[in-house]
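Novice: Have a look at the structure that comes next, please.
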Amino acid sequence: MSKQDDYSPEEWQSITSAPVMAGLLISLSDVSGPVGMTKEAIAVAKAVTDSASQTGTELLAAIAITWKTQVTKPNFPELPRDTPDAARNAALELCKKAADIVSQKSPTEADEYKKWLVSLARKAAEAAKEGGFLGFGGKLVSDAETAAINSLASALGVSEKGS
């Protein structure tokens, strides 16, 4: 079981920012406007902070505590702004980098961390309907969001449940 002290500050930043990158991967896959993006961001933040009480993994609890006790705005990596594809690919790579760090430092927690990132992406996707008009119609999880969740799961080497 690992905790913040087991990682360098740069590694910890990568590990704690990966949940946001997983959520952004979904938001960038099927842009649902400012309300939808806000709902997706809130869903990820709630899921991360809920992890403190819902997990037996010390690492996930430590990440949740970091999020809960952060006094200043977290320092997230910059994503490319030239194309949506470049931003999505960068978010995906940042999630993979964080998972690789956990795999190296705490192999026993790596699989759960990877599955957790995928579950956060799923929660973001389920937070707002895509398509429709004025809240009517649309799909809870669009095909583009499903593809993004599957690409994250594939990149991390875990299966995605729920698609």
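Quick note: the coordinates plus some simple rules give every number you see, no bench work behind them. Remember, predicted model here, so these are calculated numbers, not experimental data. Cβ sites come from the backbone with ideal geometry, for glycine too, and all protein chains shown count toward neighbours.
Novice: Quote the charge dipole size of the chain about the Cα centre in Debye, to the nearest 20; the model charges only the Cβ of Lys and Arg (+1) and of Asp and Glu (-1).
Specialist: It comes to approximately 380 debye.
Novice: Suppose each label sits 7 Å from its Cα in the direction of the beta carbon; what would the THR108-GLU58 distance come out to in nanometres?
Specialist: Spacing of the two 7 Å Cα→Cβ label points: 0.8 nm.
Novice: Kindly state, to the nearest 0.05, the FRET efficiency for LYS139 paired with SER159, given R0 = 25 Å and r defined as their beta-carbon distance.
Specialist: So the FRET efficiency works out to roughly 0.70.
Novice: Moving to a separate point now. Using a simple spin-label model with points 7 Å from Cα along the Cα→Cβ vector, what separation in nm is obtained for SER8 and VAL31?
Specialist: 3.5 nm
Novice: So for the chain, taking the charge dipole from beta-carbon charges (+1 Lys/Arg, -1 Asp/Glu), which of LEU92, LEU79, LEU25 sits furthest toward the positive end?
Specialist: The listed residue farthest towards the positive side: LEU25.
Novice: Quick check: the angle from helix 107-125's long axis to the longest principal axis of the chain, C-alpha only, nearest 10 degrees?
Specialist: 20 degrees
Novice: For the chain, find the longest principal axis of its Cα atoms and tell me its angle to the long axis of helix 84-105, 0 to 90°, nearest 10.
Specialist: Roughly 20 degrees between the two axes.
Novice: Between ILE65 and GLU126, what length in nm is gained on full extension when 0.36 nm per residue of separation is reduced by their alpha carbon distance?
Specialist: That works out to 19.5 nm of additional length.
Novice: Right, something else. Need the full-extension length gain, LYS115 to ASN89, defined as separation in residues times 0.36 nm minus the C-alpha distance. One decimal, nm.
Specialist: Gain in length upon complete extension: 7.5 nm.
Novice: Looking only at Cα atoms, what is the convex hull volume of segment 4-156 per residue, in Å³?
Specialist: Expressed per residue, the convex hull around the Cα atoms of segment 4-156 is 110 Å³.
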